[in-house]
Amino acid sequence: MKVFLTIVRNSVRQLVGGKRLIALGLLALVPAVVTAAVTSNTSRAGAFRNFHDAPVAMVFIIVLPIVALILGTASLGDERRDQTLSFLVLRPIRRETVAAAKVSAAWLASWIVVASGATLAAVALGVTSQRWEPLGAILVGTAISTLGYVAVFTLLGYLTGRAVLAGLAYVFIWESGVTFAADSLANVSLFRIGLTAYTALVPDSAVFLREPLAALEPGVWGALAKVLVIGGITIGAAGFLLRRRDVV
């Protein structure tokens with residue numbers, strides 16, 4: 001456990017250092033700015049509706065996937081490209097432990113960035129509408145979706161040097177395009193997994209989120225189970241690849 005926590009701590013420091021954190025932090029603030037604009041000078045009910053018309057969708061569909069993509073692909077990908085991964089894998093550490101630590105670090109770093117902006121957006125709504133339950137719900141929902149995304153993108157970052165390009169194609173073509181056009185594919189949409197958890201905790205928000213939710217039913221535990229399965233598969237696959245591929 002000590003080795004695992006050490007890898008997580010050092011990896012988080014690497015991921016959120018420098019200009020990367022500034023750029024992603026500014027992106028995460030956009031929903032809060034939009035929330036302040038669309039909830040001012042309106043009724044409490046109107047503020048609640050406007051919050052779910054734009055800012056919530058921005059958090060789950062744009063900010064969260066992009067932050068998870070940048071940090072997730074960097075978690076193992078940067079180590080491999082910089083040829084520093086060998087310092088980890090040549091030590092007597094289980095490869096699955098390394099993979100789990102890298103996924104955990106990417107999740108923690110990504111969620112901190114996303115949650116910071118999401119918290120400010122929810123607080124802006126609370127001040128205007130006196131509706132505070134979205135605050136906890138959006139933290140839970142983003143934590144769940146972030147884990148799903150970073151699990152996929154961490155493995156992708158290890159496999160290819162063009163992971164960011166491939167990830168952008170996935171986010172903006174598959175998730176924001178194809179799955180909206182075909183409701184039957186909503187089950188494989190990672191942002192919708194977290195959104196189902198959010199609407200389970202704020203039930204009256206579902207009426208404003210019908211389009212992104214498609215035919216999915218709200219639920220926290222089901223959403224959590226899905227991303228844990230995705231994370232487990234990623235860790236197993238990454239551990240196998242770390243044993244089989246030349247990382248020295």
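A few comments on the model shown:
- The chain, accessible surface, carbon-and-sulfur percent (1.4 angstrom probe): 66 percent
- Candidates L85, L147, L15: whichever shows maximal mean-square fluctuation once the chain is modelled as a Gaussian network with Cα springs under 10 Å: L85
- As a calculated quantity, the FRET efficiency between R210 and I93 at R0 = 51 Å, using C-beta atoms, amounts to about 0.60.
- Probe 1.4 Å, protein heavy atoms only - accessible area per residue of the chain in square angstrom: 46 Å²
- Hz values of 3J(HN,Hα) by residue in segment 233-242 - Karplus curve (6.51, -1.76, 1.60), Gly and Pro given as x: 5, 4, 5, x, 5, 5, x, 4, 5, 5
- Segment 64-104: C-alpha gyration tensor shape, a/c 1.5 cut-off, then a/b vs b/c: oblate
- The chain, relative contact order in percent, only Cα pairs under 8 angstrom and at least six apart counted: 27 percent
- Sorting 110-119, 68-77, 30-39 by average packing, meaning the other beta carbons within 10 Å per residue, from highest down gives 68-77, 110-119, 30-39.
- Sorted largest first by accessible area at a 1.4 angstrom probe radius, with every protein chain in place, the residues F48, F87 fall in the order F87, F48.
- Angle between the chain longest axis and helix 133-159 axis [Cα atoms, degrees, rounded to 10]: 30 degrees
- Ordered by 1.4 Å accessible area with all protein chains kept, W174, W221 run largest first as W221, W174.
- Selected from A121, A137, A215 as most flexible by GNM, with the chain as the system and alpha-carbon contacts under 10 Å: A215
- Shape of segment 176-237, Cα gyration tensor, a/c cut at 1.5: oblate
- Couplings for segment 197-202, taken from phi via the Karplus curve 6.51 cos²θ - 1.76 cosθ + 1.60 with θ = phi - 60°, read 5, 4, 5, 5, 8, 10 Hz in order; Gly and Pro are left as x.
- Per-pair calculated FRET efficiency, R0 = 35 Å: L165 and R9 via Cβ, rounded to 0.05: 0.70
- When the square roots of the Cα gyration tensor eigenvalues are ordered a ≥ b ≥ c, the ratio a/c for segment 140-180 is 1.5 or more and a/b does not exceed b/c, which makes its shape oblate.
- Averaging 1/r over each pair of different alpha-carbon atoms in segment 6-93 and inverting the result gives 15.5 Å, the Kirkwood hydrodynamic radius.
The values are calculated or read from the model by the stated rules, or taken from the named source; none is laboratory data. Not measured: the values here are computed from a predicted model. Cβ sites come from the backbone with ideal geometry, for glycine too, and all protein chains shown count toward neighbours. SASA here: full protein model, heavy atoms, side chains in, ligands and nucleic acids out. Shrake-Rupley method; radii C 1.70, N 1.55, O 1.52, S 1.80 Å.
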